[in-house]
1. I'd like the full set of residues that are of a type in the set (S, T, N, Q) and not in a strand (DSSP E or B), limited to segment 163-202.
2. For segment 127-157, give me each residue that is under 19 Å from the mean Cα position of the chain (by Cα) and farther than 22 Å from Gly6 by Cβ.
3. Would you check if Leu53 is assigned to a helix (DSSP H, G or I) and touching a Cys at 6+ places or on another chain (Cβ under 8 Å)?
4. With the requirement that a residue be part of a loop (DSSP other than H, G, I, E, B) and closer than 23 Å to Gln122 by Cβ, what does segment 144-162 give you?
5. Only one of Leu189, Leu132, Leu181, Leu163 is in contact with a strand residue (DSSP E or B) (Cβ under 8 Å, 6 or more places away or on another chain) and more than 18 Å from Phe25 (Cα to Cα); which?
6. Does Leu171 fit the bill of being at pLDDT 95 or above, more than 28 Å from Ser23 (Cβ to Cβ) and in contact with a helix residue (DSSP H, G or I) (Cβ under 8 Å, 6 or more places away or on another chain)?
7. Which of the residues spanning segment 131-143 are of a type outside the set (Ser, Thr, Tyr) and either assigned to a strand (DSSP E or B) or surrounded by 16 or more Cβ atoms within 10 Å (Cβ to Cβ) (or both)?
8. Scanning segment 178-202 for residues that are touching a helix residue (DSSP H, G or I) at 6+ places or on another chain (Cβ under 9 Å) and surrounded by 18 or more Cβ atoms within 10 Å (Cβ to Cβ), which turns out farthest from Ile5 (Cα to Cα)?
Amino acid sequence: MTTRIGLISDVHATPAPVAEALSLFEQQGIEQVLCLGDIAGYGSELAPTVDFLRQYDCQSILGNHEQWYLEDHADDETNDEAADYFQSLPTSRQLNIEGVSVYMVHASPPDSIMDGIHLLDQQGKCIPAEQLAWAGELGCFEYDILIVGHTHEVFCERLGNTLVINPGSTLFNHSCAILTLPDCTVEWLPLSNKQVRTTCNWSGGLPES
């Protein structure tokens, strides 16, 4: 049997590309969607973004922007559905699908929301030193597949014995992905009528989305 899973990440309070990704998944008969965190941040439409994730019963995890949101709203006494949703999220999830063990975390295992796996340079090419370093970090990792977000990079690389996947940001990379198990193959889908942007790292301000 084959199972196909939708992957989205770093949606950053911008619902339109999320809705597009979820519609594409639905058209292809995908029922299980994983969201790698950073649901909040940058965008201004958090509530409808959360609504989409809830509507499609996405299996989401906590990112650094959700943690910061909860800290900033800790003293709020008003009803905040986004905060309630974020409080329900774990920092990681472990799944077994078609006999394949899958671990999902926002930045890096076991539960980091900040120490991201950077593998690509500004041109989207793999950095051998980073590949080697992370292969060492994951040398004793006991899962077949690790799915991460956070770095706004699009990649599928084997590091040690683990296949590491980052679907990229729906907002900044214009990307989502479909993971097929047990084949362990990944297909990227472009969003917002734009090409997939392999890397979108920046300093000194936001990139153009």
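1. Ser169, Thr170, Asn173, Ser192, Asn193, Gln195, Thr198, Asn201
2. Matches in segment 127-157: Trp134, Leu138.
3. On the way: assigned to a helix (DSSP H, G or I): yes; touching a Cys at 6+ places or on another chain (Cβ under 8 Å): yes.
Judged against the criteria, Leu53 is a match.
4. Taking segment 144-162 and keeping what is part of a loop (DSSP other than H, G, I, E, B), we get 144, 148-152, 160-161.
Across segment 144-162, the qualifying residues are Val148, Gly149, His150, Thr151, His152.
5. Unique residue meeting the criteria: Leu163.
6. Working: at pLDDT 95 or above: yes; more than 28 Å from Ser23 (Cβ to Cβ): no; in contact with a helix residue (DSSP H, G or I) (Cβ under 8 Å, 6 or more places away or on another chain): yes.
No, not satisfied.
7. So in segment 131-143, the residues of a type outside the set (Ser, Thr, Tyr) come out as 131-142.
Those that are of a type outside the set (Ser, Thr, Tyr) and either assigned to a strand (DSSP E or B) or surrounded by 16 or more Cβ atoms within 10 Å (Cβ to Cβ) (or both): Gln131, Trp134, Ala135, Leu138, Phe141.
8. Leu191
The values are calculated or read from the model by the stated rules, or taken from the named source; none is laboratory data. Note that this is a predicted model, so its numbers are computed, not measured. FYI the Cβ positions are ideal-geometry reconstructions off the backbone, even for glycines, and counts take in every protein chain you see.
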